[in-house]
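Report on the structure given below.
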Amino acid sequence: MRKRSSVSAERLIRQAKAGEPIQLQPEDFSAFEKLLGEVQTAYGREDLSALRSRVTPEMLSYYAEELSENASRGVVNELSDVKLLQGDLAEAWREGDTDYATVAMRYSLNDQMVDRDSGRMVEAGADEATEVWTFQRARGGKWLVSAIQQT
C-alpha cells in the first residue's frame, strides 16, 4: 500500500564500508523498535509534526510528498497495530560524529487505504512487511530514521 521509500539506502550502505564499526546496546534496539511503531503510526495519522521529531529532514520530505499525493487522490493510508516480529542488525558504523545502524525489520500491521470523505476501505494492504531501515544519530543523540528500503 504505502510506497516504501528507498531513501539514500545505497549511499548509506556505501558509507558503512568506509566507516568505523560500532557496538550497539540493548537500548539502541529498543529505540529502533519504538521508532518503527511511532513512525508508522504517525504516517497513518498523517501527523507530520510527530514524524518531524523521528525522521531526518530528507525522510520528512518524502513522507510529506506521499501524504500530499494521497490527499490529492482523496485517500488516507491508515496504518495501525504495528508489531515488530524480527529485527536483524545488518551493520552499525560511525562516520565522523554520526552513528548509523541498518536493521532488517519484519513486522505485522494493519494497512489499508480508505476514502478520505466516506471512510470506506478502497484497498487492503499487506498484513506483514519486511524492510531495511537505516537509523542515524549524532554521537550521544537520539536515533532518527534516515532511510527505508523495501526488500
- Any residue in the stretch 80-100 that is among the hydrophobic types (A, V, I, L, M, F, W, C), in contact with a Gly (Cβ under 8 Å, 6 or more places away or on another chain) and over 29 Å from residue 20 (Cβ atoms)? yes
The number of residues in the stretch 105-123 that are without any contact (Cβ under 8 Å) to a residue 40 or more places away in the chain and either over 18 Å from the mean Cα position of the chain (by Cα) or more than 20 Å from residue 91 (Cβ to Cβ) (or both) is 7
In the stretch 33-67, residues that are polar (S, T, N, Q) and within 17 Å of residue 112 (Cα to Cα) total 2
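Where a number appears in this text, it was derived from the coordinates with a stated rule and is not lab data. On a predicted model such as this, the values are computed, not experimentally measured, just so you know. All Cβ positions, glycine included, derive from the backbone under ideal geometry; neighbour counts span all protein chains shown.
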